[in-house]
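Just below is one structure, and these are the notes that go with it.
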Amino acid sequence: MTVSTPEQLEQSFYKAEAEGSETPGSIRRRLLPESSLNVFTEVRFPTREWALLVHSAEELEDRDLVLASGLTCRTRTGSVEVVASSETDRFLFCTLLADLVRQLHVPTATPTSALVRRLNAWRKMLDRGLPTGLTPEARVGLFGELMALRDVLLPAIGSAGITAWVGPSGAPKDFVHFSTALEVKTVSRRDSSRCRISSEHQLDAVAGTDLYLVHQVVAGSQNGASLADVVDELRGDPRVQHERAWFENCLLEAGWLDAHRDQYVNDRYALSRRQVFRVSEGFPRLTSSDLPSGVAGVTYVVDLSDCGSYRVDERSVQSSVAQADKAEG
């Protein structure tokens with residue numbers, strides 16, 4: 001059988017569960033019959049665990065990964081097993097499985113390794129809480145990072161701009177490409193000159209690194225683009241296709257799920273201003289070296305109206321990342 005939506009998967013699991021018994025055993029059904037991989041769903045009795053099983057000839061490191069309470073992943077040789085206990089949120093599990101099935105359709109020479117990387121992205125998202133959709137602030141933030149990726153990084157270094165996107169994985173900067181780093185802040189029009197910095201590491205740069213603060217102001221607009229519009233546009237960009245798995249994992253780590261896209265359909269934004277500042281000696285900031293012992297995790301606000309002498313144009317950023325690319329290439 002070929003199923004793809006969380007609802008279809010959940011219905012299939014419940015149907016198999018109804019056919020089972022209290023004696024030890026399992027009911028297994030094949031997914032993706034057209035795939036070169038052996039992909040199955042399984043309901044186990046009497047525990048009533050639900051599982052996804054993927055088998056291939058690929059070599060994988062043996063490991064166990066806890067994704068959330070009652071939700072685990074195990075890799076053995078070329079096999080990946082994702083198991084949900086009977087207490088796990090069933091629809092969450094099926095949402096996860098539907099996403100994994102979609103990922104198995106993405107062409108790659110190492111599909112099970114790609115699946116494990118996707119599961120790690122899920123773990124990072126679930127560590128921040130159950131996925132119920134992005135907050136309004138998080139939507140604007142993700143929209144801004146995608147706009148910077150589309151308008152600044154991709155034109156300068158092509159698909160390398162995708163792998164430069166490291167913020168969603170927990171890195172202190174949003175984009176890092178060799179010796180150039182970008183921190184992107186996107187705000188509504190009412191906060192157009194104020195830039196909130198969320199840690200002492202965001203505007204801290206190691207010696208020899210060019211750090212830029214990209215500050216964007218967006219406004220709600222019926223004629224603007226929704227978050228889903230920008231996601232779909234980038235998914236269709238040929239430059240993204242070369243690093244599609246990385247892009248999708250970053251989206252997930254940032255909290256994006258296709259299952260939530262209807263929540264964002266009425267939020268449409270237009271970019272009203274983008275300013276770029278080179279963060280160099282004298283730029284107003286707090287770094288770890290500025291803080292007394294025992295102080296960490298600070299947040300502060302930079303008044304950009306006092307930072308005009310550090311302002312540069314977008315071409316300066318693009319030139320910096322392009323030169324870094326050539327130097328390392």
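Please treat every number below as a calculation from the coordinates, not as lab data. Computed from a predicted structure; not experimentally measured. FYI the Cβ positions are ideal-geometry reconstructions off the backbone, even for glycines, and counts take in every protein chain you see.
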Fill in: Highest-MSF residue in the chain out of K15, K124, K173 [GNM, Cα springs under 10 Å]
K15
Worksheet, complete the sentence: Cβ-Cβ cut-off under 13 Å around E243, Lys and Arg +1, Asp and Glu -1: the net charge is +2
Worksheet, complete the sentence: Burial-style ranking of 289-296, 178-185, average other-beta-carbon count within 10 Å with highest first, yields 178-185, 289-296
Worksheet item: Which of H105, H242, H177 comes first, and how do the rest follow, when ranked by fewest Cβ neighbours within 10 Å?
Response: H105, H242, H177
Response to the item:
Taking every other residue with Cβ under 14 Å from the Cβ of V230 and scoring Lys and Arg +1, Asp and Glu -1, one gets -3
Discussion item. What does DSSP give for the chain in terms of the percent of beta bridges that are antiparallel, rounded to the nearest 5?
Written reply: 85 percent
Worksheet item: Going by how many other Cβ atoms sit within 10 Å of their own, how do Y300, Y212, Y264, Y269 line up, fewest first?
Response: Y300, Y264, Y269, Y212
Discussion item. If the only charges are +1 at each Lys and Arg Cβ and -1 at each Asp and Glu Cβ, what is the size of the charge dipole of region 6-127 around the Cα centre, to the nearest 20 debye?
Written reply: 180 debye
Fill in: Cβ-placed point charges (K, R +1; D, E -1), dipole of the chain about Cα centre in debye, nearest 20
400 debye
Discussion item. Could you give the length gained by full extension between A18 and T110, i.e. 0.36 nm per residue of separation minus their alpha carbon distance, to one decimal place?
Written reply: 29.6 nm
Fill in: region 136-328 - share of DSSP beta bridges that are antiparallel (%, nearest 5)
70 percent
Item to complete: Report the local net charge at R30: Lys and Arg +1, Asp and Glu -1, summed over other residues whose C-beta lies under 15 Å from its C-beta.
Response: +1
Response to the item:
If one compares the long axis through the Cα atoms of helix 314-328 with the longest principal axis of the Cα atoms of the chain, the angle in degrees, nearest 10, works out at 60 degrees
Discussion item. Ratio of alpha-carbon Rg to the 2.2 N^0.38 Å globular estimate for region 158-263, to two decimals, please.
Written reply: 1.16
Fill in: Burial order of peptide ranges 59-71, 139-151 (average beta-carbon count within 10 Å, highest first)
139-151, 59-71
Discussion item. Quick check: residue separation of R74 and S221 times 0.36 nm, minus the Cα distance between them. What number comes out in nm?
Written reply: 48.3 nm
Worksheet, complete the sentence: Taking a straight Cα-to-Cα line shorter than 25 Å from K326, and setting aside same-chain lysines fewer than 8 residues away, one finds K173
